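Following: one structure in structure tokens, then a few remarks.
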Amino acid sequence: MAKIAPSSIKYIIYAKFSAEGAIEKPDVIGAIFGQTEGLLGEDMEMRELQKQGKIGRIDVNLVLEDGVSKGEIEIPSAMDKSETSLIAAAIETKSQALWISLKLV
């Protein structure tokens, strides 16, 4: 997998989520890959974008409070604003417990 150089990062997709029950980081990352798979075509697949160094490592911070898992996701992007926005929209599309924002680095 190609790594994204910190100097190449143009945008960061920020997302907050909540889910009932205890979940772990791999569950969240798997859900992101799963819900974007096949949605935007082969050239915009998250796995391929990571291999090409266009999307960086998905960072997940989560806590369990009163039986509810809450957390934040950060996805660095070296793509332009429109491509990064498409990825953010694809992640948000199938989720009712996810809040997305996009920030210029």
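FYI, it's all coordinate maths here, none of it is from the lab. Not measured: the values here are computed from a predicted model. Glycine also receives a Cβ, built like all others from the backbone with ideal geometry; neighbour counts cover every protein chain displayed.
In this structure, does LYS54 turn out to be free of Cβ contacts under 8 Å to residues at least 60 places away in the same chain, among the basic types (Lys, Arg) and more than 17 Å from GLU83 (Cβ to Cβ)?
No.
Wholly within region 16-97, which helices (runs of 4 or more DSSP H) include no fewer than the required count, namely at least 1 residues that are among the charged types (D, E, K, R) and crowded, with 18+ Cβ neighbours inside 10 Å?
81-93
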